[in-house]
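One structure below.
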Amino acid sequence: MNIGSWAVPSVIFLILSFSLLKKTDIFESFVGGAEKGIATTVSIIPSLVALITAVTMLKASGALEILTNFISPLTNFLKFPAELVPLAVLKPISGSASIAVFDNILKSHGPDSEIGRIASVIVGSTETTLYTIAIYFGSVGIKNIRHTATVALVADAFALVASVVTVRIIFGCP
């Protein structure tokens with residue numbers, strides 16, 4: 001028997017032991033947490049619907065392709081592969097849409113190609129920023145996100161550049 005098979009029973013045992021020590025009503029805490037979870041889920045539904053609608057419209061309208069063509073002079077100047085622009089645009093918005101784009105990149109170019117490697121690093125080093133902001137801020141009712149989106153998207157931009165540079169340094173790509 002491996003150690004992994006003991007992980008879940010050990011955590012359950014620790015939770016039960018700690019709650020007995022603290023004399024906490026476990027069932028009441030569980031039910032209270034479930035109620036708050038349902039309330040949070042209901043409160044973020046509008047944000048999720050808006051985000052899913054925006055991503056679907058972006059893909060279906062051809063705006064993603066237009067955006068890719070529009071910023072291609074900049075991406076060419078920065079030596080950022082044009083094939084990765086849709087991934088770079090969608091990753092901060094939607095994890096599932098970016099994974100679909102990532103899958104297409106790997107099928108088209110292969111995982112061991114320069115583009116496949118850079119795409120892999122991008123997927124692993126960037127966040128679904130706007131989705132995360134919508135969920136976390138929406139769950140606590142914050143309407144004014146101030147500079148959060150700007151700073152997070154700038155961090156994502158640096159991660160994109162760092163992904164390209166890192167793969168090219170490690171694998172000796174031009």
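Each value in this text was obtained by applying a stated rule to the coordinates, not by laboratory testing. Predicted model only: the values in this text are computed from it and were never measured. A quick note on method: Cβ atoms are made from the backbone with ideal geometry, for glycine too, and the neighbour counts reach across all protein chains shown.
For the peptides 95-102, 21-28, 44-51, 162-169, residues were scored by their other Cβ atoms within 10 Å and the scores averaged per peptide; the highest-first order is 95-102, 162-169, 44-51, 21-28. Summed over qualifying helices (DSSP H, 4 residues or more, each -39500 (n - 2.57)) and divided by its residue number, the chain shows a 222 nm mean residue ellipticity of -25000 deg cm²/dmol.
Rounded to the nearest 20, the Cβ-based charge dipole of segment 44-171 about its Cα centre (Lys and Arg +1, Asp and Glu -1) stands at 220 debye.
Here the relative contact order of the chain, from alpha carbon pairs under 8 Å that lie six or more residues apart, stands at 21 percent.
Between Thr53, Gly141, Gly32, the Cα set farthest toward the positive side of the dipole of the chain (charges on each charged residue's Cβ, about the Cα centre) is that of Gly141.
P(r) tail, the chain: Cα-Cα pairs separated by more than 30 Å, 40% of all pairs. For the chain, complete DSSP H runs whose alpha carbons reach 30 Å or more along their own long axis and whose mean Kyte-Doolittle score is -1.0 or higher are 26-60, 148-171.
From the alpha carbon centroid of segment 6-57 to that of segment 110-158 is 24 Å. State which entries of Lys36/Lys107; Lys36/Lys143; Lys59/Lys107; Lys79/Lys107; Lys59/Lys143; Lys59/Lys79 exceed 31 angstrom in Cα-Cα distance in the structure shown. Among Lys36/Lys107; Lys36/Lys143; Lys59/Lys107; Lys79/Lys107; Lys59/Lys143; Lys59/Lys79, the Cα-Cα distance tops 31 Å for Lys36/Lys107.
Taking the fewest neighbouring Cβ atoms within 10 Å as the starting point, the ordered list for Asp103, Asp156 is Asp103, Asp156.
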